[in-house]
Structure formats: C-alpha cells, structure tokens
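What follows is a single structure, written as structure tokens, with notes after it.
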Amino acid sequence: MSEVKITAESRSEFGKGAARRIRRENKVPGVLYGHGTDPVHLTLPGHDLMMALKTSNVLLALELDGKTELAIPKAVQRDPLKGFLEHVDLILVKRGEQVNVEIPVVAEGELAPGGNLLEHVLNALPVEAEATHIPESLSVSVAGLEAGASVLAKDIALPKGVSLAVEADTVVLQVLAAQAEEPAEGAESAESAEA
C-alpha cells in the first residue's frame, strides 16, 4: 500500500456556515484524532481527497503545519444525491502500529454448473494489520463450489502480518441453490384448457 500525500490546513471555524464555505472552495472539512491527542480540525483539498479515497483503507500522509502525520479514514460522509464529500474523520497511526480495518473480499472463479448463486455474507473481512501494510483486497477462489458450500474466515489466505478480527468460523461467502420459478397461475389454466 502506498502513501498518498495531501496538504491539510488547520481550521478554527466550526458549524454549518463554516462547513458550507469550506465546501464552496472545493475543500472538505475533517477531524484528525487518536493516540490520546486532542482532535485537530482540518480542511482538506476536495479533489485530492476524493481521488485518495477511491482506494479502501488508504494511508494518508498529511502535511499539516510543517509536520507529516499518517492517518487512515475512519468515517466518510458523502452527499446522498450528488456524492461529493461532506466530511471526513481520520485516525492518527504510526509506522508499525496494528489497526483494525475491513478489507474487501473478491471472489474469483466459476461456481459448479447448475445455476447456483454466490452470496456475500460479508463484503469486507475485519482484520488487524500494520497501518502501513494494509492489503487493498483479499482474493478467494470459489471455483467449482456447489450449492450449500461456504467459505469461512479461516479459509481465506491472509498476507503476512495480517490476522483475523472476527471468529474463525464466521461465514464470509456461501453458495445457494438456484430457485426454480413457479409458473404463473394464468399459465397453468391456459395449459389445462389446451389439453
């Protein structure tokens, strides 16, 4: 995982009016907290932050007041209609520190023939990893799995230094049998009328 450098500015204005002014300037209000420090209220460049957040669990190197702080996103608020960033909460991290994050699970391969369906019980697997070595995704082979088969958290190969943050027997993926559609009532009566 690579670091994304973003220049942040401290802010002293709070409230809806201040947040709207910040957003009009194509910037995003945010808060940086962690390690027992007081929360730091920030203003971040909107486009740079949006591009960085396209990668899940991105590691941000924030240039703030002449210092560089490492942070990962904790909560991101977006406008429900337009999708632009409204606010971001960031957590301070240090190199070598273990953090709890959710890693997206990517299924690879074809299920056994028969029209079976793959259900993602968990779209992302909770794990504990070093803050500077968080994997972008976890690949799971579902090739040849039949109806009724499940992939448990313990069955997923984790990179070195990454451990599960859920029970080992937690179901992540399961294969469901395809349901046959019942014919409509009108179709049955038409068939019996033809006979």
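The residues listed here are Val99, Val88, Val105, Val40; of these, the one that is within 23 Å of His133 (Cβ to Cβ) and in contact with a Ser or Thr (Cβ under 9 Å, 6 or more places away or on another chain) is Val105.
Only one of (1) over 28 Å from Ser139 (Cα atoms); (2) open to solvent by 20 Å² or more (accessible area, probe 1.4 Å) is not met by Gly46, so which one is it? Every listed condition holds for Gly46 apart from (2). Candidates are the residues of region 50-67 that are more than 16 Å from the chain's Cα centre (by Cα) and in contact (Cβ under 8 Å) with a residue 40 or more places away in the chain; the one that is surrounded by the most Cβ atoms within 10 Å (Cβ to Cβ) is Leu62. Which strands (runs of 3 or more DSSP E) sit wholly inside region 1-54 and have at least 1 residues that are β-branched (Val, Ile, Thr) and at pLDDT below 85? Ranges flagged: 3-7, 37-45.
Residue by residue, here is whether (1) open to solvent by 90 Å² or more (accessible area, probe 1.4 Å); (2) over 30 Å from Ser137 (Cα atoms); (3) touching a helix residue (DSSP H, G or I) at 6+ places or on another chain (Cβ under 7 Å) holds:
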| residue | (1), (2), (3) |
| --- | --- |
| Lys5 | yes, no, no |
| Ala18 | no, yes, no |
| Val28 | no, no, yes |
| Asp38 | yes, yes, no |
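For Gly114, the stated conditions do not hold, so it cannot be described as within 30 Å of Asp48 (Cα to Cα) and surrounded by fewer than 15 Cβ atoms within 10 Å (Cβ to Cβ). For Gly96, are the conditions met, namely being more than 20 Å from Ala61 (Cβ to Cβ) and either among the β-branched types (Val, Ile, Thr) or at pLDDT below 85 (or both)? No: the conditions fail for Gly96. Among the residues making up region 101-139, those that are more than 14 Å from Leu176 (Cα to Cα), polar (S, T, N, Q), touching a residue at least 24 places away in the same chain (Cβ under 8 Å) and not in a strand (DSSP E or B) are Thr132, Ser137. Do we find a residue being free of Cβ contacts under 8 Å to residues at least 60 places away in the same chain and touching a helix residue (DSSP H, G or I) at 6+ places or on another chain (Cβ under 9 Å) anywhere in region 151-161? No, region 151-161 contains no residue that is free of Cβ contacts under 8 Å to residues at least 60 places away in the same chain and touching a helix residue (DSSP H, G or I) at 6+ places or on another chain (Cβ under 9 Å).
The values are calculated or read from the model by the stated rules, or taken from the named source; none is laboratory data. The structure presented is a predicted model; accordingly, all values stated were derived computationally and were not measured. Note that we place each Cβ from the backbone using ideal geometry, even for glycine, and neighbour counts take in every protein chain shown. All accessible areas refer to the heavy atoms of the entire protein, side chains included, with ligands and DNA or RNA removed. Shrake-Rupley method; radii C 1.70, N 1.55, O 1.52, S 1.80 Å.
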